[in-house]
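The next block holds one structure in the form of structure tokens; read it before the comments.
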Amino acid sequence: MSPMMAGLSMLVALLGLLAIGTPIAFALGLVSMGALFAVYGAFFLETLGEQFFGALSSFSLVSIPMFILMGAAVASSPAGKDLYEALDRWLNRVPGGLVLSNLGACSIFAALSGSSPATCAAIGKMGIPEMRQRGYPAEIAAGSIAAGGTLGILIPPSVTMIVYGIATETSIGRLFLAGLLPGFMLTVYFMIWTIIACKRQGLGLSELTQSFSMRERFEALPRVLPFLAIIVAVLFVLYGGVATPSEAAGVGALFCLILVAVIYGIFSKTWKFSQMRMIFRDTLKESVMIMLIIGASELFAFALSSLFITQSIAQYIAELEINRWALMGVINVFLLVAGFFLPPVGVILMTAPILLPIIIGAGFDPYWFAVILTINMEIGLITPPVGLNLYVINGIAPDITLGQILRGSLPYVICMILGIITLSFFPQIALFLPDLIMGAEM
């Protein structure tokens, strides 16, 4: 069997297993073991454990459960509600200010949690009922939260960026910096579209009559600022060379736990210490899931390499006599389609090691490409059939149909595509901060 036919057979088998509901880690593992058995026979068992556990031996992986713990601590508390209320008091004079408040809260909460589903759930539980109560259509209320939640995998600290860094052996610090300005750029694009849509439909104009004094606005900040200080502190020690990503994540998680316990457990009595068990339970579940995918993806990559599939694909693409931007267009379409069916971590682990040599060979920057890849994964989070954020929103607002959520999300998909185009014309949006703070790579 030729490498291309072998690769096609593995792809069909993988999609078949995923279609019947097999978890992605087990699907990857089963297909990999079948392929390795075809190559090595029963002797593949000798390398099975080495490849699987070798992928989990990187010290950088320690940062993943720590950042997840940091997000779980914030998500278990009323921090999302406080973020939302604080921004609502500052943005209420803008048409559609309530939607903007939710988008702003999503971007800040995304930086705290690094998780898109957690961001959707935390902000959506408070924001969607409030928007609907003030007369916003279900499409705008649900779509804005679903789209705002995707920022969790782009704005640092981002778990998917950590996974990309480990899979491609690139600097996690540079990746975090590369995602910062594009993440805020997308937030601005989302807000501009929201203002236009609300003005056209005359939404949110009643909020203009409601005013808050400066004292009321500043009263909402004390509960929010400590968490923002943690983001700044984590980024400072990380980029200042004071600590590694794993150390910064550990300290950030510890301080988030302390702040939640002090602010919401001791002072406001809105959080119970018994919820600490739930925080560690959720962290353990999500961390194990990601670790299993990482190990199985390494096994999958080894199987592809053993069958010369990776090398054949790279050679085929390298021999295509097309403009490098046409090549990038083909890669973007491939990533979009992959994102429709697979979670971001799975897509990154399976495709990044194969695509990176091609990208570098075509003259593209690997950190810029990380941002492009991540935005493609964001689109996948709000498009069917997987569309994880769509189902999260439907779970917290079951009276809003998936069709309504999807219709509300589609304009934000266009904003993300516009973001990819903007980054293609102005790659320094992603590369300016890494080059400024960490120096240009040779």
task = List every residue pair whose Cβ atoms lie under 7 Å apart, where the two residues are 6 or more positions apart in sequence or sit on different chains, the first residue falls within the stretch 183-194 and is within 14 Å of S158 (Cβ to Cβ) and among the small types (G, A, S), and the second residue, located anywhere, is open to solvent by less than 30 Å² (accessible area, probe 1.4 Å) and not in a helix (DSSP H, G or I).
result = G183/L154; G183/I155
message = When you check A261 against the structure, is it open to solvent by less than 80 Å² (accessible area, probe 1.4 Å), over 29 Å from T170 (Cα atoms), in a helix (DSSP H, G or I) and at pLDDT 80 or above, yes or no?
response = yes
key: Residue match in the stretch 411-428 (condition: aliphatic (A, V, I, L, M) and at pLDDT below 90)   = no
request  = Identify the residue in the stretch 133-143 that is in contact (Cβ under 8 Å) with a residue 40 or more places away in the chain and over 15 Å from S409 (Cβ atoms) and, among all such residues, is most open to solvent (accessible area, probe 1.4 Å).
outcome  = R134
ask   = Taking the stretch 23-55 on its own, how many of its residues are open to solvent by less than 30 Å² (accessible area, probe 1.4 Å) and either among the charged types (D, E, K, R) or closer than 22 Å to E286 by Cβ (or both)?
value = 6
note = Residues of the stretch 411-427 being surrounded by 14 or more Cβ atoms within 10 Å (Cβ to Cβ) and either in a helix (DSSP H, G or I) or touching a Cys at 6+ places or on another chain (Cβ under 9 Å) (or both), in sequence order, are P411, Y412, V413, C415, M416, I417, L418, G419, I420, T422, L423, S424
task = Taking A233 as the residue in question, decide whether it is closer than 22 Å to A105 by Cα, modelled with pLDDT of 85 or more and either out of contact with any helix residue (DSSP H, G or I) (no Cβ under 7 Å at 6 or more places or on another chain) or open to solvent by 60 Å² or more (accessible area, probe 1.4 Å) (or both).
result = no
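I'm trying to understand the selection: among the residues of the stretch 357-407, which are in a loop (DSSP other than H, G, I, E, B) and of a type in the set (D, E, K, R)?
D365, D399
Among the residues of the stretch 362-417, how many are β-branched (V, I, T) and under 18 Å from P129 (Cα atoms)?
6
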Options L61, L56, L69, L30: the member that is more than 25 Å from L154 (Cα to Cα) and either touching a strand residue (DSSP E or B) at 6+ places or on another chain (Cβ under 8 Å) or not small (G, A, S) (or both) = L30
task = Of the numbered conditions (1) open to solvent by 20 Å² or more (accessible area, probe 1.4 Å); (2) of a type outside the set (G, A, S); (3) at pLDDT below 90; (4) assigned to a helix (DSSP H, G or I), I331 fails exactly one; give the number of that condition.
result = (1)
task = For E130, state whether it is without any contact (Cβ under 8 Å) to a residue 60 or more places away in the chain, part of a helix (DSSP H, G or I) and either of a type outside the set (S, T, N, Q) or surrounded by 24 or more Cβ atoms within 10 Å (Cβ to Cβ) (or both).
result = yes
key: A314, sole failed condition from (1) over 26 Å from L423 (Cα atoms); (2) over 21 Å from the mean Cα position of the chain (by Cα); (3) modelled with pLDDT under 80; (4) in a helix (DSSP H, G or I)   = (1)
ask   = Looking at (1) within 25 Å of S58 (Cα to Cα); (2) open to solvent by 20 Å² or more (accessible area, probe 1.4 Å); (3) of a type outside the set (A, V, I, L, M, F, W, C), which is the one condition that is false for Q315?
value = (1)
query = Which one is modelled with the lowest pLDDT among residues in the stretch 165-213 that are farther than 30 Å from D435 by Cα and in a loop (DSSP other than H, G, I, E, B)?
reply = G204
inquiry  = Could you list, ordered by first residue, the pairs with Cβ atoms under 6 Å in which the first is in the stretch 58-77 and without any contact (Cβ under 8 Å) to a residue 40 or more places away in the chain and within 16 Å of F176 (Cβ to Cβ) and the second is of a type outside the set (K, R) and in a helix (DSSP H, G or I), at least 6 apart or interchain?
reply    = none
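Give A397, A362 a once-over and let me know the one that is open to solvent by 20 Å² or more (accessible area, probe 1.4 Å), among the aliphatic types (A, V, I, L, M) and either out of contact with any strand residue (DSSP E or B) (no Cβ under 9 Å at 6 or more places or on another chain) or modelled with pLDDT of 80 or more (or both).
A362
The values are calculated or read from the model by the stated rules, or taken from the named source; none is laboratory data. Remember, predicted model here, so these are calculated numbers, not experimental data. Don't worry about glycine lacking a Cβ; one is built from the backbone with ideal geometry, like all the others, and counts go over all protein chains shown. When the accessible area is computed, the model is the full protein with side chains, heavy atoms only, and any ligands, DNA or RNA have been set aside. Shrake-Rupley method; radii C 1.70, N 1.55, O 1.52, S 1.80 Å.
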